[in-house]
Amino acid sequence: DQYKNFPSLFSLENHFNNHFDKTAHLRWGVSNSSDSLKITYNVRVSDNAGFDGDSVLEFKGLLNNTLRIDGLKPGKYYWHVTASNGKHEVNGFNTRSTFLIKKAIFLGGVLTKDEIINSKDVVVYKDLTIPKGKSLKIGKGISVTFNPGVRIFNYGSLIIEGTEDKPIKLSAKKENSSWLGIYSEGGLSVTYAVFTGVTGESVVRQIGGSAKFNNTICKYNNVRETASFNKCPVEANNNIVKESKGEGILFLKCSGICINNQLYNIPDAIEATFCTNFTISENYLLNAPDDGIDVNYGSNINVINNTAINCKDKGLSITANPKDSTIYFHNNYIANCKRGIGVE
């Protein structure tokens, strides 16, 4: 009876990380009627989940599945949609979906002044470039969302500084979409951040400059490698990479430290090539589809106190030539890998 006589079910689309500046643009799925009756929509908007009080707005008899609302005060709003064929009504899925008005800072284009953001969420609505001489600092507990296909280009200074109890979350603005990560040639400092929904080259790609990448969680990303550091001093400590596709944390011609990282099901989990004065220590690598730790050439490399379990190829791999100075492997634990240590 419901299939024959009721409007078909539909969902509310704008219910995920949704921020609006001044005007709310709401959209929902189309409902149909099997007996070709005209479908109309009723929308209710309220500043409370109970949809009670004088603040409730109602929009009745809408023929389209979109609605623009101007003049809302800053704050959090709930919205609900029903479809009617004149005889019966059905509720849209995601009942009491939410959106925010003026609770975010919208960034895009070239940053023209130094920004310190501590109290509002951030929406990056198009590619954001931080030029030389300019800085962007994002404080603890901030949510940063990106429109599909958007990335940050940093040539100045980018500081993402969360805390253990209030990490910074960087994710795609729309459900089932993706953003393109951070490309940096300037000063980059990231601590206590969660990266999700990145596709393309890297979650973070650093060339030159300097980088600190500590206490992050990188998950649900589909990239060539999670983090790539090139020709720079770097700290990469206490990071977790899991439930992602692509290689892990890569270093090319770097100096610095890579300590206490955890990588699960990530091929070439940690790779260092042509590095100098570099320490890889106390990392935990599980179920790598390729090598666990891969060191290619370099000088004064210390690989100590690491754990590699169930790697499909080598737990630890070293490629070197007579021009390289000490590459030192000591006190590592290797179990159930195809090869323990490979020397080429």
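The values are calculated or read from the model by the stated rules, or taken from the named source; none is laboratory data. It should be emphasised that the depicted structure is a prediction, and the values quoted were computed from it without experimental measurement. When we count neighbours, we look across all protein chains shown, and the Cβ atoms used for this are built from the backbone with ideal geometry, even at glycine. Note: accessible area is taken over every heavy atom of the protein model, side chains too, but ligands, DNA and RNA are not part of it. Shrake-Rupley method; radii C 1.70, N 1.55, O 1.52, S 1.80 Å.
Computed values, structure above
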read-out: Local electrostatic count at Asp54 - Lys and Arg +1, Asp and Glu -1, tallied over other residues with Cβ under 14 Å; value: -1
read-out: Heavy-atom accessible surface of region 78-184: percent carbon and sulfur, 1.4 Å; value: 46 percent
read-out: Cα principal axis extents for region 282-344, largest first, Å; value: 33, 21, 12
read-out: Distance from region 114-175 to region 50-103 (C-alpha centre basis), Å; value: 30 Å
read-out: Residue-averaged [θ]222 nm for the chain, counting only DSSP H segments that reach four residues, each worth -39500 (n - 2.57); value: 0 deg cm²/dmol
read-out: Whole-number percent relative contact order across region 251-296, with pairs defined as alpha carbons under 8 Å at least 6 apart; value: 47 percent
read-out: Accessible area (Å², 1.4 Å probe, nearest 10) - Val223; value: 10 Å²
read-out: Solvent-accessible area per residue for the chain (1.4 angstrom probe, square angstrom); value: 47 Å²
read-out: Relative contact order, percent, the chain [alpha-carbon distance under 8 Å, six or more residues apart]; value: 8 percent
read-out: Region 1-139: C-alpha gyration tensor shape, a/c 1.5 cut-off, then a/b vs b/c; value: prolate
read-out: Fluctuation leader among Gly248, Gly208, Gly292 - the chain, Gaussian network, Cα springs under 10 angstrom; value: Gly208
read-out: 13 Å beta-carbon shell around Leu100, net charge (K/R +1, D/E -1); value: +4
read-out: Residue among Thr98, Thr82, Thr226 with the largest mean-square fluctuation in a Gaussian network model of the chain, springs linking Cα atoms under 10 Å; value: Thr82
read-out: Relative contact order [Cα under 8 Å, 6+ residues apart], region 91-180, whole percent; value: 25 percent
read-out: Rounded accessible area of Asp294 (nearest 10 Å², 1.4 Å probe); value: 20 Å²
read-out: Computed magnitude of the charge dipole of region 199-268 (debye, nearest 20; Cβ of K, R +1, Cβ of D, E -1); value: 120 debye
read-out: From phi via Karplus (6.51, -1.76, 1.60), per-residue ³J(HN,Hα) for region 112-126 in Hz, x at Gly/Pro; value: 9, 8, 5, 10, 10, 10, 10, 10, 10, 5, 10, 10, 9, 8, 8
read-out: Highest-fluctuation residue, Lys38, Lys253, Lys76 considered, GNM on the chain with Cα pairs under 10 Å; value: Lys38
read-out: Within the accessible area of region 198-272 (1.4 Å probe), percent carbon and sulfur; value: 48 percent
read-out: Per-residue HN-Hα couplings for region 168-179 [Karplus 6.51, -1.76, 1.60; θ = phi - 60°; Hz; x = Gly/Pro]; value: 8, 10, 10, 8, 6, 6, 10, 4, 6, 10, 8, 10
read-out: Beta bridges by DSSP in the chain, antiparallel share as percent, to the nearest 5; value: 15 percent
read-out: Convex hull projection area averaged over all views, the chain, Cα basis, nm²; value: 21.5 nm²
read-out: All Cα pairs of region 154-232, percent lying beyond 19 Å; value: 33 percent
read-out: Charge tally in the Cβ shell below 12 Å around Ile130, where Lys, Arg are +1 and Asp, Glu are -1, Ile130 excluded; value: +1
